[in-house]
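Encoded as structure tokens, the structure appears first; notes follow it.
The values are calculated or read from the model by the stated rules, or taken from the named source; none is laboratory data. Fair warning: this is a prediction, and the values are worked out from it, not measured in the lab. Glycine gets a Cβ as well: all are built from the backbone with ideal geometry, and neighbour counts include every protein chain shown. When the accessible area is computed, the model is the full protein with side chains, heavy atoms only, and any ligands, DNA or RNA have been set aside. Shrake-Rupley method; radii C 1.70, N 1.55, O 1.52, S 1.80 Å.
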Amino acid sequence: GQCNLKTNTIHVVDTIEAPEDTIHRGDYLVLGKAGVKKKLSQIERRSGATFGYVGEWHSHPNGPDDFSTTDFEEFANKAEEMVADGATKPILEVLVSPAGVSCAVLALV
């Protein structure tokens with residue numbers, strides 16, 4: 001996707017599949033990391049740095065309909081990781097639940 005700081009808009013244009021090292025059991029998921037940096041680097045290079053990582057999505061198929069405490073803890077970890085990697089643009093977090101779609105934007109400082 002693309003993050004436009006002037007218009008405060010995040011454009012999502014495509015998704016990539018969860019990495020093979022992702023662990024998911026019933027209502028539990030730990031997103032893997034294998035090959036993600038390489039895939040994102042390819043996207044950025046092929047698009048002339050127009051498109052890149054803008055965030056992640058997950059679901060709560062049986063609820064809750066809002067972000068959980070665990071989600072917020074993971075957001076904090078992701079933000080720290082992104083800042084350590086030199087990222088400065090916000091991160092979009094999307095939740096799909098029985099009630100619909102919820103979004104959170106994490107500002108990196």
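Of the residues Ala34, Ala84, the single one that is open to solvent by less than 80 Å² (accessible area, probe 1.4 Å) and aliphatic (A, V, I, L, M) is Ala34. Sort out which residues of the range 6-31 are open to solvent by 100 Å² or more (accessible area, probe 1.4 Å) and under 16 Å from Pro90 (Cβ atoms), and write them in order of number. Those that are open to solvent by 100 Å² or more (accessible area, probe 1.4 Å) and under 16 Å from Pro90 (Cβ atoms): Lys6, Asn8. When residues in the range 63-104 are screened for being part of a helix (DSSP H, G or I) and of a type in the set (Ser, Thr, Tyr), 2 of them pass.
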